[in-house]
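Asks: Supplied in structure tokens, the structure appears directly below.
Please treat every number below as a calculation from the coordinates, not as lab data. Because the structure is predicted, anything quoted here is derived from the model rather than measured. All Cβ positions, even for glycine, are placed from backbone atoms using ideal geometry, and neighbour counts span all protein chains on display.
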Amino acid sequence: MMMYAVGTLQLIKSLKRSPWRQNWYADDSACIGKLSMIREWFDLLQAEGPKWGYYPEPSKSFLVIKDGLEEESRALFGDLNVKIVYSHRFLGGVIGSPAQKKEYVREKVQKWVEHTEKFAVAAQDSPQAVHAAFTKSLQFEWAFTQRVIEGCSNEYLPLWEAIRKRLMPAITGREVSETEGNLMSLPARLGGLGISNPIDSAQAFRISQRSCELLSASIISGDPLNSNEYYIDVSSVLKGERALRQSIQIQRSAELMHELPLNQQRVLRRITGSSQWLSVLPTAADGFDLSATQFRDALSLRYAHTPQGLPMSCDGCGSPFDV
């Protein structure tokens with residue numbers, strides 16, 4: 001990939017003009033501007049590309065337009081067999097109106113709901129493995145989408161409902177109240193399970209936007225990017241946002257714990273300092289893999305619930321069996 005980028009660098013420079021703005025990612029090229037300018041850029045790309053081993057395919061290209069530009073776009077691009085659309089995917093996100101972006105997110109959310117429900121089925125036999133796979137893999141799929149598409153928090157509600165009402169009960173082996181579900185969405189060190197609430201994390205676009213300001217300015221202006229300055233700026237933004245997020249999470253944890261019964265509050269405040277077992281991979285070689293019963297019993301004790309399946313009384317002294 002690095003060598004490919006070097007190989008196309010001269011092509012990219014030869015296409016740089018002030019009337020338009022182009023954006024490249026690997027072999028995906030894109031241009032924004034007036035329709036006539038985009039046609040001029042595309043003709044230039046077709047002429048210069050083969051010199052550098054780059055062969056554009058108009059039939060696989062998309063022209064994203066605004067309402068009212070249909071006739072002009074057909075007149076300019078009709079001979080190229082380019083697909084003319086109002087919205088289209090782009091680098092993990094989508095270009096289009098707010099309504100089209102929300103529709104795109106809803107379609108993605110529906111797939112993630114289906115995946116979450118499959119995870120819930122698997123959690124009946126392997127709760128620890130499902131917890132690890134979900135927190136370290138699946139939930140990062142929508143985390144990326146949230147970084148590149150703005151203003152779709154409400155569209156993630158069905159996903160959170162599937163997580164709280166199906167996945168969490170399947171992992172813990174018991175019903176999960178709304179307060180417990182919100183608490184479990186926090187990091188393990190704050191009494192949670194690290195199963196993030198996608199509605200809360202939908203604000204990630206703002207963080208991504210702030211951290212990419214210098215890069216965006218470089219693309220728009222065409223000026224060289226100062227990589228050192230960019231690295232320092234991104235580090236500063238992420239550090240500030242991390243501190244802000246942790247402060248909000250600490251406050252949220254305290255508020256949620258206050259809503260729980262006193263016994264649960266006492267247990268959670270005592271046990272949150274020893275939560276590392278929830279964030280490690282359940283590898284058998286290291287002895288971190290637990291059976292379904294062991295994992296659920298540990299979660300029951302963590303949240304001050306009585307483990308399921310205990311005998312009614314001690315078979316030795318006959319006293320009621322409890323913890």
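Asks: How far, in degrees from 0 to 90, does helix 292-302 lean away from the longest principal axis of the Cα atoms of the chain, to the nearest 10?
Replies: Between helix and principal axis, roughly 80 degrees.
Asks: Then there's this: Against the longest principal axis of the chain, how steep is helix 2-14, in degrees 0 to 90 to the nearest 10, with axes from Cα atoms?
Replies: 40
Asks: When all C-alpha to C-alpha distances in the chain are sorted into bins of 10 Å, what percent of pairs does each bin hold, rounded to whole numbers?
Replies: Cα pair-distance distribution for the chain, in percent: 5, 19, 24, 20, 14, 10, 4, 2, 1, 0.
Asks: Out of all DSSP beta bridges with both ends in the chain, state the antiparallel percent to the nearest 5.
Replies: Roughly 75 percent of the DSSP beta bridges within the chain come out antiparallel.
Asks: For n ≥ 4 DSSP H runs only, could you compute -39500 (n - 2.57) per run for the chain, divide by its residues and tell me the 222 nm figure to the nearest 500?
Replies: Taking each H run of at least 4 residues, the total per residue is -16000 deg cm²/dmol.
Asks: Let me ask something else. Given the options Leu45, Leu35, Val82, identify the residue whose Cα lies farthest towards the positive end of the charge dipole of region 2-86 (+1 on Cβ of Lys, Arg; -1 on Cβ of Asp, Glu).
Replies: The residue sitting most towards the positive pole is Leu45.
Asks: Once R0 is set to 41 Å, what does the formula 1/(1 + (r/R0)^6) return for the Cβ-Cβ distance between Ser235 and Asp315, expressed as a FRET efficiency to the nearest 0.05?
Replies: 0.10
Asks: Okay, moving on. If you stretched the chain out fully between Ala143 and Met2, how much longer would it get, using 0.36 nm times the residue separation minus the C-alpha to C-alpha distance?
Replies: This chain segment gains 48.2 nm when fully extended.
Asks: What lysines does Lys136 reach when the alpha-carbon gap must be under 23 Å and sequence neighbours fewer than 8 apart in one chain are set aside?
Replies: Lys108, Lys111, Lys118, Lys165, Lys239
Asks: I need the calculated FRET efficiency for the pair Leu301 and Glu103, taking r as the beta carbon distance and R₀ as 56 Å, to the nearest 0.05.
Replies: Working: r = 44 Å, r/R0 = 0.79.
According to the calculation, E is roughly 0.80.
Asks: Still on this structure, please answer the following. Work out the count of Lys pairs in region 2-86 where the Cα-Cα distance is under 18 Å, with the pair 8 or more places apart or on different chains.
Replies: 7
Asks: Then there is this: What's the FRET efficiency of Asp27 with Gln308 using the Cβ-Cβ distance as r and R₀ = 51 Å, to the nearest 0.05?
Replies: Working: r = 55 Å, r/R0 = 1.07.
Efficiency at R0 = 51 Å is approximately 0.40.
Asks: Let me ask another. Would you order Asp322, Asp289 from fewest to most other beta-carbon atoms within 10 Å of each residue's own beta-carbon?
Replies: Working: Asp322 9, Asp289 16.
Least to most surrounded, the residues fall as Asp322, Asp289.
Asks: If you put +1 on each Lys and Arg Cβ and -1 on each Asp and Glu Cβ, how big is the dipole of the chain around its Cα centre, in Debye rounded to 20? Walk me through the intermediate numbers first.
Replies: Numbers: 36 positive and 36 negative charges, 96 e Å.
It works out to roughly 460 debye.
Asks: Related question: Would you mind pulling out the separation of the Cα centroids of region 88-132 and region 233-274, in Å?
Replies: Each part's Cα centre sits 26 Å from the other's.
Asks: Please arrange Thr172, Thr179 by counting, for each residue, the other beta carbons lying within 10 Å of its beta carbon, fewest first. Mind dumping the intermediate values first?
Replies: On the way: Thr172 22, Thr179 15.
The fewest-first ordering by Cβ neighbours comes to Thr179, Thr172.
Asks: Then there is this: Quick one: work out Rg over Rh on the C-alpha atoms of region 112-164, Rh as Kirkwood radius. Display every interim value, and only then the final one.
Replies: Numbers: Rg = 11.9 Å, Rh = 11.8 Å.
Rg/Rh: 1.01.
Asks: Taking the Cα centroid of region 303-323 and of region 133-196, what is the distance between the two, rounded to the nearest whole Å?
Replies: If we compute the Cα centre of each part, the gap is 32 Å.
Asks: Further question on the same structure: In Å, the Kirkwood hydrodynamic radius of region 183-241 over pairs of distinct alpha carbons?
Replies: Values: mean 1/r = 0.0744 Å⁻¹.
In region 183-241 this quantity evaluates to 13.4 Å.
Asks: How many nm is it between the label spots at Glu255 and Glu213, if each spot is 7 Å from the Cα in line with the beta carbon?
Replies: So the label points at Glu255 and Glu213 sit 2.7 nm apart.
Asks: Same structure, new question: Quick one: helix 98-123 against the long Cα principal axis of the chain, what's the angle to the nearest 10°, folded into 0 to 90?
Replies: 40
Asks: Would you report the distance distribution of C-alpha pairs in region 98-271 as whole percents per 5 angstrom bin, up to the bin with the largest distance?
Replies: Computed distribution, short to long bins: 1, 8, 14, 17, 17, 15, 12, 7, 5, 3, 1, 0, 0.
Asks: Antiparallel DSSP bridges in region 1-150: what percent, to the nearest 5?
Replies: Just about 75 percent of them are antiparallel.
Asks: Test of understanding: ordering Trp24, Trp112 by Cβ neighbours within 10 Å, fewest first, what list do you get? Don't jump to the answer; show the numbers that get you there.
Replies: Working: Trp24 16, Trp112 20.
By the 10 Å Cβ count, ascending: Trp24, Trp112.
Asks: Taking Cα atoms of region 30-147, Rg/Rh with Kirkwood Rh, to two decimals? Kindly include the intermediate steps, with their values, before the conclusion.
Replies: Details: Rg = 20.4 Å, Rh = 17.5 Å.
That ratio equals 1.16.
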